1. By count of other Cβ within 10 Å, fewest leading, how are 148, 30 ordered?
2. In the range 1-85, what % of DSSP beta bridges are antiparallel (nearest 5)?
3. Output the Kirkwood hydrodynamic radius of the range 1-85, Cα pairs only, in Å rounded to one decimal.
4. Taking the Cβ of each residue in 141, 93, 121 as the centre, tally the other Cβ atoms inside 10 Å and list the residues starting with the fewest.
5. What percent antiparallel are the DSSP beta bridges of the chain, to the nearest 5?
6. For every other residue with a beta carbon closer than 14 angstrom to the beta carbon of residue 68, add +1 if it is Lys or Arg and -1 if Asp or Glu, then tell me the sum.
7. Return P(r) of the range 89-155 (all Cα-Cα pairs; 5 Å bins starting at 0; whole %; ordered from short to long distances).
8. What spacing in nm lies between the two simple spin-label points modelled at residue 48 and residue 124, each 7 Å away from Cα in the Cβ direction?
Amino acid sequence: MDNTKILLPRYFRYIGIILTIAGLVFTIIRFGYGIKPNFLEAKVFVVYAAYLQTSEFRVITNNISEEICGITLLLGLFFLAFSKFKNETDKIWAMRTRAFIYSLYAHSALLLFCLLFIYGWGFLMVMTANLFLFLMLYNIWFYILLYRASRLTEE
């Protein structure tokens, strides 16, 4: 089976780099500095929302800064993880598989740690971070493996 058929075209990698950087910057601005720009107040359709009152299948006004951070970061990490390289080989595919398994181990261990030792609102924040954690870990492992392999071939 040609493994590259299930990967995204190569140009998605560059889009992924841009979106990941933008997502990280937006996330730091929004959550690190607590900035919620007023121009991002928008009417959005919700299936379910619970703030001071519960809304179901309605249009509400909401600041969409958190959604922009999440969507930008998630798409960026996804595109970065699953786009082809110019010369996609079986060796690179093996590194992708190894990175996937390492990421699953690390993510499961971190999740177990959080379940045992983090409670209350902190746990909710950790669960929100878990939306992105697996793809982040995967990208980190994969690019470390690629870097190590490129250094070995240079020597």
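1. Exposure proxy ranking, most exposed first: 148, 30.
2. Looking only at bridges with both residues in the range 1-85, the antiparallel portion is about 90 percent.
3. 14.8
4. 121, 93, 141
5. 90
6. Residues near residue 68 contribute -1 overall.
7. Binned Cα distances yield the sequence 4, 17, 21, 18, 13, 11, 8, 5, 3, 1, 0.
8. Calculated label separation equals 1.5 nm.
Any read-out appearing in this document is the output of simple, stated calculations on the displayed coordinates, not a laboratory observation. All values derive from a computational prediction rather than experimental measurement. Glycine also receives a Cβ, built like all others from the backbone with ideal geometry; neighbour counts cover every protein chain displayed.
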